[in-house]
Amino acid sequence: MATNGSDMPPGAELPPQAVAEDSDEDICVICFCPKENPLTLGCQHSFCLVCIEFITSESEAERCPVCRKRFNISKVLAKSRK
């Protein structure tokens, strides 16, 4: 029996997340939903505004949830409003 080099049956389609890897950039890694009012930190990671505000209100240290780099939420918010 001939194979197509994968475990997928002929004619099967890949799920959308497998095809569009760039779409991960539009998903907030805190809530796993599409980013609403995205806020980008100095480290270039971005999150929903509400999510990053919640994370910083729950912790004394303001650190990026992805890379753990410190940031100042007040400065980030001020910069985003310009």
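The values are calculated or read from the model by the stated rules, or taken from the named source; none is laboratory data. All of these numbers come straight from a predicted model, not from anything done at the bench. Neighbour counts are summed over all protein chains in view; Cβ atoms, including those assigned to glycine, are modelled from backbone coordinates with ideal geometry.
Remarks
- Scan of region 5-24 for residues that are at pLDDT 60 or above and either of a type in the set (Gly, Ala, Ser) or surrounded by 10 or more Cβ atoms within 10 Å (Cβ to Cβ) (or both), ordered by number: GLY11, ALA12
- Count of residues meeting criterion [of a type outside the set (Lys, Arg), under 16 Å from the mean Cα position of the chain (by Cα), in a loop (DSSP other than H, G, I, E, B) and surrounded by 15 or more Cβ atoms within 10 Å (Cβ to Cβ)] in region 30-76: 5
- Members of region 67-82 that are touching a residue at least 24 places away in the same chain (Cβ under 8 Å) and either touching a Pro at 6+ places or on another chain (Cβ under 8 Å) or closer than 18 Å to GLU36 by Cβ (or both): VAL76, LEU77, SER80
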